[in-house]
1. I'd like the full set of residues that are facing another protein chain (nearest Cβ under 7 Å), over 30 Å from A:S41 (Cα atoms) and part of a helix (DSSP H, G or I), limited to the stretch B:103-158.
2. What are the residues in the stretch A:216-243 that are in contact with a Phe, Trp or Tyr (Cβ under 7 Å, 6 or more places away or on another chain) and buried (at least 23 other Cβ atoms within 10 Å of the Cβ), if any?
3. Looking at (1) part of a helix (DSSP H, G or I); (2) modelled with pLDDT under 90; (3) charged (D, E, K, R), can you tell me which one A:R213 breaks?
4. Is it the case, given these coordinates, that A:I93 is facing chain B (nearest Cβ under 7 Å), buried (at least 23 other Cβ atoms within 10 Å of the Cβ) and either polar (S, T, N, Q) or in contact with a Phe, Trp or Tyr (Cβ under 6 Å, 6 or more places away or on another chain) (or both)?
5. Would you mind telling me which numbered condition in (1) at pLDDT 85 or above; (2) at the interface with chain A (Cβ under 7 Å from one of its Cβ atoms) B:I21 fails?
6. Could you tell me how many of the residues in the stretch B:185-230 are in a helix (DSSP H, G or I) and either surrounded by fewer than 17 Cβ atoms within 10 Å (Cβ to Cβ) or over 26 Å from the mean Cα position of the chain (by Cα) (or both)?
7. Taking the stretch B:282-295, which residues are under 13 Å from B:L86 (Cβ atoms) and either outside any helix (DSSP H, G or I) or touching a residue at least 24 places away in the same chain (Cβ under 8 Å) (or both)?
8. Could you say which residue among B:G226, B:G230, B:G250 is under 29 Å from B:G144 (Cβ atoms) and in contact (Cβ under 8 Å) with a residue 24 or more places away in the chain?
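The values are calculated or read from the model by the stated rules, or taken from the named source; none is laboratory data. Quick caveat, the model's predicted, so the values are computed rather than measured. Cβ atoms come from the backbone with ideal geometry, glycine included; neighbour counts cover every protein chain shown.
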Amino acid sequence: MRHNPAGLFTRKTVAVSIVFGAIAMALLYIPIVGLALLSFSTQPLSGIPWPLTLEWYASLFEGNNAKWIGPLGTSVAIGLIVSTAATSVALLIGRALPVIERRGGILAAYLSVLVMPGILVGIAVLIFYRGLLGIRTGFWSVVLVHFIWALPFALLCILLVAVRFDRRLLEAAKDLGASRYRQFVDVELPLMLPGISASAFFSFLLSFNELPRTLYARGGVTTLPYYIWTASSAHSSQVSLIYALSAVIMLASFLVTLLAMRLLMRAE
Amino acid sequence: MSLVSATSDRGGVAPPATRTIRFSLEGAAIRLVTGLWAIGVLLPILSLLVIAFLRGRGIGFIWTPSLQAYSDILVGFRIEIILRTLRIVALVTLIEFVLAFPFALWLAKGLRAGWTKSIILVLLVVPFFLSPAARTIVWRSILGREGLVNSVLMSSGLVDTPLDWLLFSQFAIHLGLIGPYFPSMVWPLFISISLIDDELIKASRDLGGSAWQTLWLVVVPLAAPGIAAGILFTAIPMLGDNVVSALLGGGRVALLAESFDDLIRAMNFAGAAALASLLVLIILALGAAVLALLRRNGINGDVFRGMQA
């Protein structure tokens, strides 16, 4: 691919583009890098990562400070359920989508929730199920709103590999006597595996870090993001611990995202 | 890179013939799941438009048509909140576009594929998967009364008393919103600009068009679906943002999300449904306006085309 086609850019416009991008990227990453740095600061709220200490990390497991472990378990459980469900449904829909009729409408139906504000989805689930139908919200409704959030991303992951899948391979397998089950397991699944694993990782992360929808659909369930949210907006002395805890979660999420992206790219 | 080439390579594989799924276990499963999605997910959201006209009783509803919920919520201060939210979202979306368009253009047409490009694109994906609250809370340490900016300003003698308007203010909300919503604006722009054939740009230049004319008459019209998608993907989720407004508004700058919080806490589900229905209407109006604008400029098809894998 040719670049800077026919002088669309001058040195000056390139500089402007980079500066604008850099400003936005700084606003995006200052809080992320800042969180990591300040989690080692003796006074995280001062905004100065100095003097350094490991105090907050060490005290994460002491007595009352360790209350995040319960919510962590809840979030991991919900994340695993959502990841499995979203990836399975995405696989079912995504592998059929390139070859069925009315695919535009079906795709739009699944992707439309991608643009909805999270708060709207949370409130819709709360009002419809709790208010209108009278069903108590709780674990299941958190799973539901996380599923709604994760499915479009899962579907996009699967579609990335599904549109490149050559269905003639299935015909070939059939001619060689493979049953439909064997066609799927031996031919289709291995070729789509990068998309499937990326979908599983991304869905888990989306659920694990989800907050806006959970706030309304949670019933009495406390997920880890919700625990961190209440602790951090309560102006409490817990804030320093929250920095350390959030930094650990963020680093883990970062690494899993890189892993999933690598899987998807290798599929190319 | 990955996302883009997958999209553009689609033409390379012979498109499989469309077929109706015969009655099979798989076909039945697809119908079932899609049906459940429509009833269990899309219906609750759309039903808000109907629920808003019911009379509330506690957290339940009585099936008599009523405008009570609307008259309950559409009071002076809340109209002010709605207008304030719309103004902030419009301004931040504009800022995002101004920052993102040249950057996306450069990423797509000015930067050679390589490590730099890959790293930038990875950095634009990762934030989607990080906790929104954790990404916002640090602004408190930076903008607070005893925060970084104030201590630098104080110790350098530029100000005598800490600046109050840095945190828990409209300024903080604007600043806090720009970062998190930047990738939502860049991706649709980047994808749609990447799909523009370089030959078209070169032809425009060969025929004597200046760089600005080429940008305005060739690139912008061809990237219009991406521009539309970028605006929708940025502005609509921002309308309901509750993390930034709660952490950086600190209760002093109320946005739509706080109104929802108050109504739900007061168990006024009918009021919340009415407010949510307004949000749905704003979203539909915004979507329709963007589509109409695209149509008037002779661009048909859905705004998602640029996003479709």
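1. Listed by number, the residues that qualify are B:F103, B:L105, B:W106, B:K109, B:G110.
2. The first filter runs over the stretch A:216-243 and keeps only residues in contact with a Phe, Trp or Tyr (Cβ under 7 Å, 6 or more places away or on another chain), leaving A:218, A:221, A:224, A:227, A:240-241, A:243.
Within the stretch A:216-243, A:L224, A:L241, A:Y243 qualify.
3. (2)
4. Values: facing chain B (nearest Cβ under 7 Å): yes; buried (at least 23 other Cβ atoms within 10 Å of the Cβ): yes; either polar (S, T, N, Q) or in contact with a Phe, Trp or Tyr (Cβ under 6 Å, 6 or more places away or on another chain) (or both): no.
Here the answer is no, as A:I93 does not meet what is asked.
5. (1) is the only condition that B:I21 fails.
6. Looking only at the stretch B:185-230, we keep the residues that are in a helix (DSSP H, G or I), and these are B:185-194, B:198-206, B:211-222, B:224-230.
After this cut, where a residue has to be either surrounded by fewer than 17 Cβ atoms within 10 Å (Cβ to Cβ) or over 26 Å from the mean Cα position of the chain (by Cα) (or both) as well, the list is B:198-206, B:211-214, B:216-217, B:220-221.
Within the stretch B:185-230, residues that are in a helix (DSSP H, G or I) and either surrounded by fewer than 17 Cβ atoms within 10 Å (Cβ to Cβ) or over 26 Å from the mean Cα position of the chain (by Cα) (or both) number 17.
7. Selection gives B:I282, B:I283, B:L286.
8. Details: B:G226 fails: under 29 Å from B:G144 (Cβ atoms); B:G230 fails: under 29 Å from B:G144 (Cβ atoms).
Only one candidate passes the filter, namely B:G250.
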